[in-house]
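A quick write-up on the structure given underneath.
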Amino acid sequence: MPVAVYRDLASFKLYMSDVGLLTMKSGISQQAVLSSGEIENTFLGSITENYVAQALRNNHYGLYYWTNEATAELDFVLQKGADIIAVEVKTGARTKSKSLNMFVTKYKPAYSIRISARNFGFENNIKSVPLYAAFCI
C-alpha cells in the first residue's frame with residue numbers, strides 16, 4: 001500500500017509501504033540492486049528514501065518534506081513536540097547536503113538528522129544515524 005508524503009496539499013510524494021515489494025516491482029534484478037555501480041544512483045537513492053520513510057512511519061511520524069522553489073529539497077521534516085527536525089537521507093558515506101544547509105539556515109532547528117552509511121555521531125548540530133538504524137529515530 002502506498003504512503004503519501006506532503007509538502008502541501010498540491011505537492012506530494014508516494015512511497016511503497018514495503019521496500020521489498022518496491023524493488024521487486026521495479027523489475028531490476030536482485031544482483032543489480034546488491035552490486036553498486038550497476039544500478040542507477042537515482043533509483044538506489046529512491047529505494048533508500050523509501051526505506052527511511054517506512055521506518056519513520058512505523059514510528060508514527062507524520063511524513064513531510066521541504067522544497068525551496070525547486071532549487072533544494074529536504075527528504076523529510078518531522079515534528080517532535082514543538083520542534084521541527086530536518087532529516088536528510090544519503091545512500092553512501094558522502095554526506096554534503098546543500099538542501100540541509102539551506103533549511104538549517106532558514107529555520108534554525110534545534111538539531112538535524114542525517115541518515116547515511118556513516119556511523120553514529122553528532123557534529124555541527126547534526127546527528128548522524130547509520131542507515132541500518134533508521135528505525136531508532
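The values are calculated or read from the model by the stated rules, or taken from the named source; none is laboratory data. The model shown is predicted, which means the values in this text are computed figures rather than measured ones. Ideal geometry is used to build each Cβ from the backbone, glycine not excepted, and the neighbour counts take in all protein chains shown.
For the range 36-58, the criterion of a residue being over 17 Å from SER17 (Cα atoms), modelled with pLDDT of 90 or more and polar (S, T, N, Q) is satisfied by no position. Condition (residue is over 18 Å from SER128 (Cβ atoms) and of a type in the set (A, V, I, L, M)) applied to the range 80-91: is it met by at least one residue? Yes, because at least one residue in the range 80-91 is over 18 Å from SER128 (Cβ atoms) and of a type in the set (A, V, I, L, M). Taking residues in the range 62-82 that are more than 20 Å from VAL52 (Cβ to Cβ), and partners anywhere that are of a type in the set (Ser, Thr, Tyr), the pairs with Cβ atoms closer than 8 Å and at least 6 places apart or on different chains are ASN68/SER99. Given THR71, THR91, which one is touching a strand residue (DSSP E or B) at 6+ places or on another chain (Cβ under 9 Å) and modelled with pLDDT under 90? Exactly one of THR71, THR91 is touching a strand residue (DSSP E or B) at 6+ places or on another chain (Cβ under 9 Å) and modelled with pLDDT under 90, namely THR91. The requirement of being closer than 22 Å to ASN58 by Cβ, aromatic (Phe, Trp, Tyr) and modelled with pLDDT of 95 or more is fulfilled nowhere in the range 121-133; no residue meets it.
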